[in-house]
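Accompanying notes for the structure given below.
Quick note: the coordinates plus some simple rules give every number you see, no bench work behind them. Bear in mind the structure is a predicted one, so any value in this text is a computation, not a measurement. Please note: Cβ atoms are built from the backbone with ideal geometry, for glycine as well, and neighbour counts cover all protein chains shown.
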Amino acid sequence: MKAKRRRNNGSVLLITIFVIALLSALVIGMLQMNTEEIQLMQNQIYAAQALVTAEAGLNDAFSELRDDDEWVGPLTDEPFNGGLYNVSVTGALPNLTIESEGTSAQGFVARVRADVTVDTSDSSNHTIRIDNLRVNE
């Protein structure tokens with residue numbers, strides 16, 4: 001008695017191609033997700049660098065005020081950490097508003113605004129009290 005042979009010509013090939021296509025789509029999707037996460041992480045780093053640069057401008061303004069209570073700014077295009085910051089001062093002593101805008105080397109921008117009170121009673125070293133601090137408003 002002869003055994004009957006089934007012909008599977010091509011069915012294994014079709015299943016193999018389907019499995020390879022499915023795995024390829026899965027790998028491409030995972031690579032896309034990882035690429036987006038890396039880009040988000042880089043954006044977060046660049047935004048943090050811009051914020052640090054803006055805070056450096058604020059600290060520079062505080063230093064200027066401690067040395068000279070008549071100082072009213074501004075500081076323009078001051079370099080820091082590969083970026084730049086600009087500082088403006090509004091108001092009249094003892095109450096001032098200092099606004100600093102920092103730009104990272106990649107073009108990200110952050111703003112820090114501080115309402116301060118300057119104590120000028122000690123002529124050698126002025127005390128600066130931050131009454132209100134706002135970030136990126």
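The table below lists the values:
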item: Tilt relative to the chain, helix 11-67 - C-alpha long axis, 0 to 90 degrees, to 10; result: 0
item: Fewest-first sequence of S121, S24, S104 by Cβ atoms within 10 Å of each Cβ; result: S121, S24, S104
item: For the chain, built as a Gaussian network whose Cα springs stay under 10 Å, the top-fluctuating residue of L23, L31, L58; result: L23
item: For the chain, calculated [θ]222 nm from helices alone, where every DSSP H run of n ≥ 4 adds -39500 (n - 2.57); result: -15500 deg cm²/dmol
item: Globularity ratio of region 61-109, using Cα Rg and 2.2 N^0.38 Å; result: 1.24
item: Proxy reagent accessibility, fewest Cβ within 10 Å first, across E36, E137, E78; result: E137, E36, E78
item: In Hz, Karplus ³J(HN,Hα) per residue of region 109-121 (6.51, -1.76, 1.60; θ = phi - 60°; x = Gly, Pro); result: 10, 9, 10, 10, 10, 10, 8, 10, 10, 9, 8, 9, 5
item: Pairwise FRET efficiency - N43 versus D67, Cβ, R0 = 41 Å, nearest 0.05; result: 0.65
item: Overall dimensions of the chain by Cα: Rg and Dmax, Å; result: 30.5, 116
item: Ranked T53, T76, T103, criterion: other C-beta atoms within 10 Å, fewest first; result: T76, T103, T53
